[in-house]
Amino acid sequence: MKTKKKPTNDLDVVIDAGRAQVEEKPKRKRGRPKSTTKKIQSNFHLSVNMVEAIDENCRGNKSAFIEEVLRFYFDSKKINYKN
């Protein structure tokens with residue numbers, strides 16, 4: 001004799017049976033990871049030949065190039081720029 005299983009669609013039946021589990025998935029962040037350091041934009045007035053030298057020597061990202069040059073200068077002059 002075959003028996004039919006009772007449908008377990010009822011929420012109370014599922015909870016009583018211990019099958020209900022709340023799964024929390026971490027929210028997926030889209031896009032590239034952002035930098036954790038706080039940055040601000042600053043305008044400088046430079047001579048034309050300085051701007052041309054930056055354009056010729058940077059590897060695509062001028063801000064990163066200027067940051068690298070300033071770090072080198074600050075390190076050579078022992079200027080504290082780190083917090």
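Some observations on this one:
- Every condition in (1) open to solvent by 100 Å² or more (accessible area, probe 1.4 Å); (2) at positive phi holds for E24 except the one numbered (2).
- Selection of first residues in region 58-73 that are more than 15 Å from T37 (Cα to Cα) and free of Cβ contacts under 8 Å to residues at least 40 places away in the same chain and of second residues that are hydrophobic (A, V, I, L, M, F, W, C) and open to solvent by 70 Å² or more (accessible area, probe 1.4 Å), restricted to Cβ pairs under 9 Å at least 6 apart or on distinct chains, gives the following pairs, ordered by first then second residue: I66/F44; Y73/I79.
- Tabulated pairs, region 33-50, first aliphatic (A, V, I, L, M), second open to solvent by less than 100 Å² (accessible area, probe 1.4 Å), C-beta under 8 angstrom, 6+ apart or interchain: L46/I54
- Filtered residue count, region 47-65, keeping only those that are in contact with a helix residue (DSSP H, G or I) (Cβ under 8 Å, 6 or more places away or on another chain), farther than 17 Å from Y81 by Cβ and surrounded by 10 or more Cβ atoms within 10 Å (Cβ to Cβ): 5
- Test: residue in region 28-44 that is modelled with pLDDT of 90 or more and surrounded by 10 or more Cβ atoms within 10 Å (Cβ to Cβ): no
The values are calculated or read from the model by the stated rules, or taken from the named source; none is laboratory data. It should be emphasised that the depicted structure is a prediction, and the values quoted were computed from it without experimental measurement. For neighbour counting, all protein chains shown are included, and Cβ atoms are generated from backbone atoms with ideal geometry for every residue, glycine included. Heads up: the accessible areas ignore ligands, DNA and RNA and are worked out on the full protein's heavy atoms, side chains in. Shrake-Rupley method; radii C 1.70, N 1.55, O 1.52, S 1.80 Å.
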